[in-house]
Amino acid sequence: MCGIVAYVGPKDAAPILLEGLQRLEYRGYDSAGVVVSNRGLKVRKVKGRVADLAQVVPNSFKGKLGIGHTRWATHGVPSDVNAHPHLSGDERIAVVHNGIIENANELRTKLQADGVVFVSETDTEVLAHLIAATVDETSTLQEAVRMALKRVVGTYGIAVIDAQRPGEIVVARNGSPIVLGIGEKEMFAASDVAALVRYTRQVVHLEDGELAVIKADGFHTFAGDTSAGDMVETAKEPLTVDWDAGHYDTGGYEHYLLKEISEQPETVARTLSGRIDERFHVSHLGGLNMDPRETRSFRRVKIIGCGSAYYSGQIGAQLIEELARIPADAEPASEFRYRNPVVDPDTLYIAISQSGETYDTLAAVQELKRKGGRVIGIVNAVGSAIAREVDGGVYLHAGPEVSVASTKAFISTAAAFALIALHFGRVHDLSPADGRRICAGLRKLPEQIEEILKQGERIAALAQKYAGHPSIMFVGRVRGYPVAREGAQKLKEISYIHAEAYPASELKHGPLALIGPELPTVAIVPDDELLDKNLTTLGEIRARGGKVLMVGHREPDAGLADDVIVVPKNEIELDPILLTIPLQLLAYHAAVALERDVDKPRNLAKSVTVE
């Protein structure tokens, strides 16, 4: 959550900071601010979007060093005062911060007892005052930051500047990402590479517990326990980012979300590219870092993720059980990490995160590693924290996903799970014939997704029809249930229509009491062995006056559905991937019809790097 940008070099910092914040606005957008150093600190910050901030930054706002921030509120309401950067009382120190300082109230009370006056409700202001309290006693800003962080409990990604040291910026990471960008006699830092790729593709990722000092001519990184003694300088090798600035443009589409939905034929093709073996009908996943003997040794698969990643994990668990005949299930990482799970050496754990920085998922991975669990990851962002933490995994190669609501990363994750399930299945007992069948189905996916996208205008009309309802039920059975959950998630998060997903078989155990003319149902009805049972469910809904929008592979008997979206048929194991696409379009067009902020829905942010 939140976005950080920092710059030091020969250019004016303000335009670079504002452009970077614009790129990071999907990470938080209730307020924004910048500070530059030029014979003191100059600050501008506002409640609202980065565009509002740009309106109050004058042409005279000059400085060769600065830091900026776009906020997702955790402590204090969105306001000009609570917006970052936060300054010390003497306006010497400025801080921007992602994360949560858990002992902020305790520290605030102690500082107030020492006479410090606070002007905001935020936890971040505590950091500014802590650093200011020690900066005169230390020889470097780096040491002042280290001493302040000794007293902090919680997560942080921070950037700090000192008006009396106008040539350097200190950044530090613990739980919230910080990336350095290496330019030509200039340096950058940000919470995401999106803010950097216009200026450089050479980056360095900080690890938890690391601190860096950046100057125009380079950087130094340090590691060690901030609470104990001096930190030790570390050697970091830069990575080259594959993405460029063009990946972060709307490409002529009205919204990023529509662009990302439309890109799915290409993104799925990239996820599959080079990973299907036509000769032996297997998948090549060298990044898993395990040989066939080790692959066969696992007796169970546990999948963890948050939000849409969790729902894609449910699709993945179904694929693994069906193709590999290994027990598999998915669980929210936010729940898994707190229930003191039993970590079994015969279980393979799979962590999912588009950004690779989702805090709950990262914390769960770290707990699993501490207990000796074998963990692989499915992530989109190369070099991200989870990618570096796991034992191996699969990169999605879906390209950057800017819209807060996940679409192409979800579909690419489901495709990656199909590859993993095929890999495990062929090592176990999946026959060459079934392997050939799944390989053929995977190869058809991009073209079939393209075919579904051609129904956009009709789905838009259906969205207009159903958008007036305050609540919508989604139902699906077995393979269709996680599709229903993802469909409900998309609708509620971008249109603000209340949506609830249930297993179709559970309707009669309570939720059927809600069904009536005022509550429409979106039913996921694949043409599989459960078709007749699903059609019976439609009949039960229609008998109670409920409206039905069916998503399936064929038109049902007359009277069972008010509206139908027909999708191409693939193999039954892969059908959930295709059945999800119309639900993305339905949610998007419903949000547009209701004039919602599609790419930046209220109260949400893209990368959830706090608890």
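Placing +1 on the Cβ of every Lys and Arg and -1 on the Cβ of every Asp and Glu, with nothing else charged, gives region 527-591 a dipole about its Cα centre of roughly 360 debye.
Please work out whether region 282-432 counts as rounded, prolate or oblate from its C-alpha gyration tensor, where a ≥ b ≥ c are the square roots of the eigenvalues and a/c under 1.5 means rounded, while otherwise a/b larger than b/c means prolate and anything else oblate? Here region 282-432 falls in the oblate category. Using C-alpha pairs below 8 Å separated by at least 6 residues, the relative contact order for region 91-232 is 22 percent.
How tilted is helix 432-453 with respect to the longest principal axis of the chain? Cα atoms for both, answer in degrees (0 to 90, nearest 10). On a 0 to 90 degree scale, this one is about 70.
Each peptide in 127-135, 286-294, 495-503, 99-107 receives the mean, over its residues, of other Cβ atoms within 10 Å, and ordering these scores from highest gives 127-135, 495-503, 99-107, 286-294. Relative to the current alpha-carbon distance between residue 505 and residue 371, full extension at 0.36 nm per residue lengthens the span by 44.5 nm.
Kindly state, to the nearest 0.05, the FRET efficiency for residue 11 paired with residue 136, given R0 = 30 Å and r defined as their beta-carbon distance. It comes out at approximately 0.45. If the cut-off is 18 Å between C-alpha atoms, which lysines fall inside it for residue 47, apart from same-chain ones fewer than 8 positions away? Filter leaves 600. By definition, a body whose alpha carbon gyration tensor gives a ≥ b ≥ c is prolate when a/c is 1.5 or more and a/b is larger than b/c, and region 416-541 fits this prolate description. Projected label points at residue 595 and residue 150, each 7 Å from Cα along the beta carbon direction, are separated by 5.7 nanometres.
Using θ = phi - 60° in the Karplus curve 6.51 cos²θ - 1.76 cosθ + 1.60, the 3J(HN,Hα) couplings for region 507-524 round to 4, 6, 9, x, x, 4, 5, 7, 5, x, x, 7, 10, x, 10, 9, 10, 8 Hz; x is entered for Gly and Pro. Legend: translational diffusion of region 392-441 by Stokes-Einstein, Rh = Kirkwood radius over C-alpha pairs, 37 °C, 0.692 mPa s; D = 266 µm²/s.
Phi angles of region 291-303 translate, via the Karplus equation with coefficients 6.51, -1.76, 1.60 and θ = phi - 60°, into HN-Hα couplings of 8, x, 4, 5, 4, 5, 6, 7, 10, 7, 10, 10, 10 Hz per residue; Gly and Pro are given as x. On C-alpha positions alone, give me the angle between the axis of helix 104-113 and the longest principal axis of the chain, in degrees, nearest 10. Once rounded, one gets 20 degrees.
Note on residue 513 and residue 280: the extension gain reaches 78.8 nm, defined as 0.36 nm multiplied by sequence separation minus the Cα-Cα distance.
Rounded to the nearest 10 degrees, the inclination of helix 359-370 to the longest alpha-carbon principal axis of the chain is 90 degrees.
Relative contact order of region 13-163: what whole-number percent is it, with Cα pairs under 8 angstrom and at least 6 residues apart? Relative contact order comes out at 24 percent.
Selection among 189, 221, 175 by position relative to the dipole of region 169-283 gives 189 as farthest towards the positive end (Cβ unit charges, Cα centre). What's the carbon and sulfur percent of region 520-605's accessible surface, probe 1.4 angstrom, rounded to a whole number? That fraction is 44 percent. Roughly how many Å is it from the Cα centre of region 394-461 to that of region 175-213, as a whole number? Rounded to whole Å, the Cα centres lie 32 Å apart. Accessible surface area normalised per residue over region 1-142 is 38 Å², counting heavy atoms of protein chains with a 1.4 Å rolling probe. Given +1 at the Cβ of Lys and Arg, -1 at the Cβ of Asp and Glu and no other charges, the dipole of the chain around its Cα centre is 180 debye to the nearest 20. Since only 127, 257, 211 are under comparison, the one whose Cα sits farthest along the positive direction of the charge dipole of the chain, derived from C-beta charges on Lys, Arg, Asp and Glu, is 257.
Ordering 521, 96, 441 by Cα displacement along the dipole of the chain toward the positive end leaves 521 in first place; charges were set at the Cβ atoms of Lys, Arg (+1) and Asp, Glu (-1). When the pairs 110/371; 371/490; 42/408; 185/236; 150/215; 185/259 are compared against a 29 Å limit on Cα-Cα distance, 110/371; 371/490; 42/408; 185/259 fall above it. Note on residue 572 and residue 540: the extension gain reaches 9.0 nm, defined as 0.36 nm multiplied by sequence separation minus the Cα-Cα distance. Look at the Cα gyration tensor of region 228-278: its axes a ≥ b ≥ c give a/c of at least 1.5 with a/b at or below b/c, and that counts as oblate.
Measuring r between the beta carbons of residue 447 and residue 557 and using R0 = 22 Å, the FRET efficiency lands at 0.15. Report summary: the helix-based calculation at 222 nm, which adds -39500 (n - 2.57) for every DSSP H run with n ≥ 4 and divides by the residues of the chain, gives -10500 deg cm²/dmol.
Kirkwood hydrodynamic radius of region 1-108, from the reciprocal of the average inverse Cα-Cα distance over all distinct pairs: 13.8 Å. In order along region 256-269, phi translates into HN-Hα couplings of 4, 4, 5, 4, 6, 5, 5, 7, 5, x, 6, 5, 5, 4 Hz, rounded to whole numbers, per the Karplus curve 6.51 cos²θ - 1.76 cosθ + 1.60 with θ = phi - 60° and x for Gly and Pro. Database remark: amide H of residue 303 closer than 5 angstrom to the amide H of 329, 330, 331, 350 (H placed geometrically; neighbours at sequence offset of 5 or more, or on other chains; Pro and chain starts carry no H).
Cα-Cα pairs above 49 Å in the chain: how many percent? The proportion of pairs with Cα distances above 49 Å equals 15 percent. When only C-alpha pairs under 8 Å and at least 6 residues apart count, what is the relative contact order of the chain, in percent? Worked out over the chain, it gives 12 percent. A simple charge model with +1 on the Cβ of Lys and Arg, -1 on the Cβ of Asp and Glu and nothing else charged puts the dipole of region 1-63 at about 180 debye relative to its Cα centre.
The values are calculated or read from the model by the stated rules, or taken from the named source; none is laboratory data. For clarity, every value in this text was computed on a predicted model and none was experimentally measured. Here the Cβ is made from the backbone with ideal geometry for all residues, glycine too, and neighbour counts use every protein chain on show. Just so you know, the surface numbers come from the protein's heavy atoms only, side chains and all, with ligands and any DNA or RNA stripped out. Shrake-Rupley method; radii C 1.70, N 1.55, O 1.52, S 1.80 Å.
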